[in-house]
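Worksheet: the structure to be examined is printed underneath.
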Amino acid sequence: MGPRLRRERASGRRDAPADRAAIDAAWHVLEAANELGDEAVVAACRRVIDSNLNGTVADQADVKLVTDYFR
């Protein structure tokens, strides 16, 4: 059993189609947060982007932070 399969079983997550709008927003927010030095938001953006690249579901708190950043 590979590490990815073990991680999915342990977390109860399944691969799901990524929300493209959230991924695009994460890249834009990452750029803005980097310029402002907002390390917490930078970390959340990286987690959202990494989960997309790994084919896993991003934490909803991170997605909400990213999508509400400019509001």
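The values are calculated or read from the model by the stated rules, or taken from the named source; none is laboratory data. Everything numeric in this text was worked out from a predicted model, so none of it was measured. Here Cβ is always computed from backbone atoms with ideal geometry, including for glycine, and neighbour counts include all displayed protein chains.
Tabulated data
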{"item": "Flag for D59 being at pLDDT 90 or above and touching a helix residue (DSSP H, G or I) at 6+ places or on another chain (Cβ under 9 Å)", "result": "yes"}
{"item": "Among (1) touching a Ser or Thr at 6+ places or on another chain (Cβ under 7 Å); (2) modelled with pLDDT of 95 or more, the one test that E35 misses", "result": "(1)"}
{"item": "Options R46, R9: the member that is basic (K, R) and modelled with pLDDT of 85 or more", "result": "R46"}
